[in-house]
Amino acid sequence: MNIQILGAFAAVALLAACSSSETPKTEPVAAPVKGIVPGSQEDLVANVGDRVFFDFDKSTVKGTGAKTAANMSTLDKQAAWLAQWKQNNVQIAGNADERGTSEYNIALGAKRANAARSYLVAKGVAATRISTISFGKDRPVALGSNDEAWSQNRNAITSVR
Amino acid sequence: MTDFLSAPIRRRGLVAASTSLLAAPALWTRPALAQAANAPGSAVIDVDRARTDPIPVAIPVFVGSGGDTDRLGRDIAGVITNNLARCGLFRAIDPAAFIGKTDNAPSPNFQNWKAIGAQALVTGKIDSQGGDKVRVEFRLWDVLPGLQIQGTAYTTTLSNWRRIAHIISDVIYERMLGEKGYFDTRVVYIAGSGPRDRRVKRLSIMDQDGENNRFLTDGGFLALTPRFHPTRDQIAFMSYVNDKPRVYLFDLGTGRQQMLGNFPGITLSPRFAPDGNSVIMAQTTNSGSDIYLVGLGGGARRLTDSGAIDVSPCFSPDGTQIVFNSDRGGDQQLYVMDASGGSTKRISFGRGRYATPVWSPRGDLIAFTRQSSDTFAIGIMRPDGSGERILSESFFCEGPTWAPNGRVLMFYRETAARDSRGNGFSSRLVSIDIAGFNERAIATPTDASDPAWSPLLQ
């Protein structure tokens with residue numbers, strides 16, 4: 001869901017750039033998806049962003065390319081959301097791609113979860129509100145065996161507990 | 001569960017000559033010495049060398065005495081044949097080539113066996129002892145000189161016939177090759193099923209040949225990386241029960257599992273110390289993971305504190321050293337330290353990342369996984385890092401485990417998914433000898449990973 005939304009935003013941005021010299025078209029902006037309760041898990045996924053991504057064999061929020069800015073933006077929004085919804089506790093699950101050995105990947109996933117947690121704590125979220133877990137490579141979100149799938153699977157995913 | 005785990009077996013010698021041979025201590029020095037002292041000259045082979053000429057062996061069906069014993073005679077001969085052929089060091093002669101009757105006469109007609117090129121002959125007979133008790137008599141013959149090498153009788157229950165076949169296979173292996181066998185063993189592993197994003201992973205156990213498969217956990221939680229206790233029917237493994245990933249001990253007798261130690265972080269990658277009194281494992285920290293020695297009776301001692309990922313520790317069989325995996329130098333490499341955590345030195349220097357080190361039961365080699373840019377490989381090196389040899393390479397393989405005689409490795413191999421739904425992915429157990437020959441898949445009812453070979457059964 002998150003990825004589809006990002007894709008939709010990108011398409012709008014491209015359209016806007018192409019048509020910049022013409023008369024601006026107006027179109028309705030989609031309202032937040034109906035039925036989503038503010039402060040819920042669905043709200044976190046749809047309107048905040050529940051995950052950050054990591055470089056191969058790395059566990060820092062800082063990454064290559066646009067990753068650093070995207071990760072910081074997502075975690076900043078998570079911190080603000082957690083400041084708004086103080087009754088919510090969260091779990092951050094660290095994950096790894098399949099291009100690594102099982103035991104090392106569990107430790108690597110734990111490091112990724114801890115990196116995301118440390119960022120949120122630095123942004124003022126109480127450490128006691130955030131638990132962490134690592135699934136190593138055992139809970140991939142993308143099921144393929146290619147670079148795109150692997151980049152999706154090197155993540156830390158926040159969820160409401 | 002207990003019947004296959006600990007069914008009683010009685011062994012005794014048949015004749016004076018074989019009894020004295022049986023009583024000879026198992027020689028465990030250099031192979032050449034052991035062979036010279038322990039096996040007939042014509043049958044000695046070098047198991048260190050790649051085999052291009054496996055020993056031709058004839059294994060006629062064991063002669064039954066009617067009823068269940070006839071079926072047992074066929075089945076036992078079949079399991080022995082399968083064991084010896086699969087190990088790569090024997091060639092079972094097709095029974096269609098056998099000449100004359102195989103009626104287990106007191107002395108075989110060796111001319112008939114010489115004529116078809118048999119170097120060794122295995123004969124046996126089975127008598128009912130009343131109820132479900134049977135007596136299985138087995139003889140191993142050296143065909144060229146026409147001599148009995150071994151004669152043994154076993155009294156057991158009908159349902160225990162597979163163990164008898166494995167024990168006989170081990171006797172043949174040891175008498176012909178001068179080294180302990182590995183057939184009377186089990187493998188604990190992780191059975192995988194379902195889609196990859198909701199994978200069910202169950203603790204499972206089977207005989208080394210893939211038979212007697214049993215699922216030990218119900219799949220309600222992830223189970224990973226099981227390892228056998230050196231002497232007890234106990235397994236250390238990683239369990240995600242209650243969403244709290246920790247190292248647990250699983251009792252094969254009762255089916256109960258119990259968390260080992262009380263750690264705030266995730267605990268993982270357990271292996272028993274050679275004395276069986278403690279487990280060496282890793283605990284995650286904010287910056288990586290540290291290695292701990294945890295007593296089964298309580299108490300824990302931290303052995304590393306590098307600020308990096310230190311994981312997958314394994315003791316040398318004499319208990320004096322520990323090999324482990326660490327990315328303290330930038331990427332994953334293998335390190336050896338002494339048992340108290342001091343004198344750490346890196347031993348892997350080849351191209352790529354190195355992981356999952358496992359010390360051979362003989363102490364002479366360390367098996368590992370090597371990760372290069374596009375492939376994974378299973379290899380061996382000496383404990384000082386010299387003599388690295390890659391045995392098998394593919395898209396993905398990892399996690400070697402040693403047969404108790406240190407001659408064969410088992411590991412698991414995964415195939416790549418060919419589409420975005422994960423179709424084409426598979427995970428299978430594979431065995432290979434340490435010369436890199438005789439690679440074979442082990443049939444399992446589901447996908448399989450994380451194998452760990454048991455010691456020889458008691």
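The values are calculated or read from the model by the stated rules, or taken from the named source; none is laboratory data. Source: prediction; values computed, not measured. Note that each Cβ is placed from the backbone with ideal geometry, even for glycine, and that neighbours are counted across all protein chains shown.
Here's the yes/no breakdown for (1) among the polar types (S, T, N, Q); (2) touching a helix residue (DSSP H, G or I) at 6+ places or on another chain (Cβ under 9 Å):
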site: A:W81; (1), (2): no, yes
site: A:N89; (1), (2): yes, yes
site: A:G100; (1), (2): no, yes
site: A:A113; (1), (2): no, no
site: A:A122; (1), (2): no, yes
site: A:E148; (1), (2): no, no
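Of A:G94, A:G65, all but one fail to be under 21 Å from A:A142 (Cβ atoms) and surrounded by fewer than 20 Cβ atoms within 10 Å (Cβ to Cβ); the exception is A:G65.
As a summary of the residue check, B:A115 satisfies the conditions (1) crowded, with 21+ Cβ neighbours inside 10 Å; (2) over 26 Å from the mean Cα position of the chain (by Cα) except for the one numbered (1). Can you tell me which residues in region B:423-436 are under 13 Å from B:I378 (Cα atoms) and part of a loop (DSSP other than H, G, I, E, B)? If the condition is that a residue be under 13 Å from B:I378 (Cα atoms) and part of a loop (DSSP other than H, G, I, E, B), then B:I434, B:A435, B:G436 are the ones that fit.
When each of B:R202, B:R198 is tested for being charged (D, E, K, R), surrounded by 19 or more Cβ atoms within 10 Å (Cβ to Cβ) and within 30 Å of A:E98 (Cβ to Cβ), the lone residue that passes is B:R202.
Scanning region B:224-260 for residues that are among the small types (G, A, S) and either within 11 Å of chain A (Cβ to nearest Cβ) or surrounded by 19 or more Cβ atoms within 10 Å (Cβ to Cβ) (or both) gives B:A236, B:S239. Between A:G136, A:G49, the distinction of being touching a strand residue (DSSP E or B) at 6+ places or on another chain (Cβ under 9 Å) and within 14 Å of chain B (Cβ to nearest Cβ) belongs to A:G136 only. Outside any helix (DSSP H, G or I), within 30 Å of B:L457 (Cα to Cα) and not β-branched (V, I, T): is that true of B:D170 in this structure? No: the conditions fail for B:D170. Residue count for region B:105-155, restricted to those that are touching a residue at least 60 places away in the same chain (Cβ under 8 Å) and in a strand (DSSP E or B): 24.
Out of all the residues in region B:399-422, is one or more assigned to a strand (DSSP E or B), of a type in the set (G, A, S), closer than 21 Å to B:A191 by Cβ and in contact with a strand residue (DSSP E or B) (Cβ under 8 Å, 6 or more places away or on another chain)? Yes, region B:399-422 contains a residue that is assigned to a strand (DSSP E or B), of a type in the set (G, A, S), closer than 21 Å to B:A191 by Cβ and in contact with a strand residue (DSSP E or B) (Cβ under 8 Å, 6 or more places away or on another chain). Any residue that is surrounded by fewer than 18 Cβ atoms within 10 Å (Cβ to Cβ), closer than 26 Å to A:N88 by Cβ and not aliphatic (A, V, I, L, M) - is there at least one of those in region A:130-138? Yes; the residues of region A:130-138 include at least one that is surrounded by fewer than 18 Cβ atoms within 10 Å (Cβ to Cβ), closer than 26 Å to A:N88 by Cβ and not aliphatic (A, V, I, L, M).
Right, B:S159: at pLDDT below 95 and either in the same structural domain as B:K244 (by TED's automatic domain parsing) or in contact with a helix residue (DSSP H, G or I) (Cβ under 9 Å, 6 or more places away or on another chain) (or both) or not? Yes: the conditions hold for B:S159. Note on region B:315-362: residues that are over 24 Å from the mean Cα position of the chain (by Cα), aromatic (F, W, Y) and not in a loop (DSSP other than H, G, I, E, B) amount to 1. Among the residues of region B:259-286, just one is in a strand (DSSP E or B), among the small types (G, A, S) and out of contact with any helix residue (DSSP H, G or I) (no Cβ under 8 Å at 6 or more places or on another chain), namely B:S278.
Residues are listed down the side, and each one gets a yes or a no for (1) within 17 Å of the chain's Cα centre (by Cα); (2) within 11 Å of another protein chain (Cβ to nearest Cβ); (3) not β-branched (V, I, T):
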site	(1), (2), (3)
A:Q78	yes, no, yes
A:W85	no, no, yes
A:N88	no, no, yes
A:S102	no, yes, yes
A:N105	no, yes, yes
A:N114	yes, yes, yes
A:S118	yes, yes, yes
A:S131	yes, yes, yes
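For B:C397, the conditions (1) within 19 Å of the chain's Cα centre (by Cα); (2) closer than 22 Å to B:F272 by Cα are fulfilled apart from (2). In summary, B:G192 fulfils each of the numbered conditions (1) touching a strand residue (DSSP E or B) at 6+ places or on another chain (Cβ under 6 Å); (2) in contact (Cβ under 8 Å) with a residue 40 or more places away in the chain; (3) surrounded by fewer than 23 Cβ atoms within 10 Å (Cβ to Cβ) with the single exception of condition (3).
Please enumerate the residues belonging to region B:287-302 that are surrounded by fewer than 22 Cβ atoms within 10 Å (Cβ to Cβ) and either in a loop (DSSP other than H, G, I, E, B) or not assigned by TED's automatic domain parsing to the domain that holds B:N405 (or both). Across region B:287-302, the qualifying residues are B:S287, B:L296, B:G297, B:G298, B:G299. Before we move on, is A:D97 at pLDDT 95 or above, more than 9 Å from chain B (Cβ to nearest Cβ) and under 22 Å from B:R421 (Cα atoms)? Here the answer is yes, as A:D97 does meet what is asked.
Among the residues of region B:406-458 satisfying the criterion of being basic (K, R) and farther than 18 Å from B:L89 by Cα, which is surrounded by the most Cβ atoms within 10 Å (Cβ to Cβ)? That would be B:R413.
Among the numbered conditions (1) modelled with pLDDT under 95; (2) away from chain A (no Cβ under 13 Å); (3) touching a Phe, Trp or Tyr at 6+ places or on another chain (Cβ under 7 Å), the only one that B:G297 does not meet is (3). Here B:F411 clears all of (1) more than 7 Å from chain A (Cβ to nearest Cβ); (2) more than 22 Å from the chain's Cα centre (by Cα) except the condition numbered (2). A Cβ distance below 7 Å, combined with a sequence gap of six or more or placement on separate chains, defines the contacts here; from region A:138-161, residues that are without any contact (Cβ under 8 Å) to a residue 60 or more places away in the chain and farther than 23 Å from A:L120 by Cα reach residues that are of a type in the set (A, V, I, L, M) and part of a helix (DSSP H, G or I) in the pairs A:A142/A:A149; A:L143/A:A149.
The criterion of being over 25 Å from the mean Cα position of the chain (by Cα), buried (at least 20 other Cβ atoms within 10 Å of the Cβ) and more than 14 Å from chain A (Cβ to nearest Cβ) does not hold for B:R163.
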